[in-house]
């Protein structure tokens, strides 16, 4: 049985490396993005270009999208020149983080055109997208999951969250809240220790050998904060968007999240201080300003 034709819409920080992996795996791939340079790089790998989402969905049976916000996902899926108007598409796979309400809305609307919608938000950052080590949180009908599995395996580890639309999105939102909360509290702890005279590398060694270990101490802080590059690859604006989506869903469900609300405040202040496009690891700089100390780049001798 031959591989299905694939479309990919959105060749940004996450989308381009994911589409690249699919192109390198030999799939018949059609791509579309506003960034012509990104499109050219995929075309050089054998992909075909398409002018808009409808054109992609008229050339591909399975259309992936990796997009920045819920509004953009709705426009690409359902708007003028959207995926819903395509003549060939059978399955729409949303790799973006949109929240469960958008996922349900898109799924219901696409179903009227006999298109199956799949939640498939991802976690693991740009490095995970490049290496094919992402976590992919999938919710869709089981037969669709089974069909997609060989394709998704090129992108990372597939975790089936259930059949109901929105379950993958809910899983992604709570995962991202845990991740950014770990970054916030680890940043506070790091700055406090430095002000007390501790070596930041020794602090990370202790955290990671003991009960304080988390995704920030193991990866984000040593990779983007201690070298002071602040280039982990996830913007403050996007982190704030995901945190807001999670808290909005929690509020609608009647689940209090006081810790999450405090983290949202820290992200808001980080954005105000450093801008939308600043890497979310910049929150360390905010805490440094308050504390009057800077985390050094190298260990003390």
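If I ask for residues that are buried (at least 19 other Cβ atoms within 10 Å of the Cβ) and under 21 Å from the mean Cα position of the chain (by Cα), which ones from region 48-82 would you list? Correct list: 53, 62, 63, 64, 65, 66, 67, 68, 70, 73, 76, 77.
The single condition among (1) within 15 Å of residue 185 (Cβ to Cβ); (2) surrounded by 17 or more Cβ atoms within 10 Å (Cβ to Cβ); (3) in contact (Cβ under 8 Å) with a residue 40 or more places away in the chain that residue 249 does not meet is (1). For region 40-120, the helices (runs of 4 or more DSSP H) that sit wholly inside it and include 3 or more residues that are under 27 Å from residue 251 (Cβ atoms) are 70-78, 100-111.
Does residue 190 meet the test of being closer than 22 Å to residue 69 by Cβ, outside the structural domain of residue 144 (by TED's automatic domain parsing) and in a helix (DSSP H, G or I)? Taking the combined requirement at face value, the residue does not satisfy it. Checking every residue in region 18-32 against the condition of being touching a residue at least 24 places away in the same chain (Cβ under 8 Å), crowded, with 23+ Cβ neighbours inside 10 Å and closer than 23 Å to residue 239 by Cα gives at least one match.
The values are calculated or read from the model by the stated rules, or taken from the named source; none is laboratory data. Just so it is clear, the structure is predicted and the values come from calculations on it, not from any experiment. Don't worry about glycine lacking a Cβ; one is built from the backbone with ideal geometry, like all the others, and counts go over all protein chains shown.
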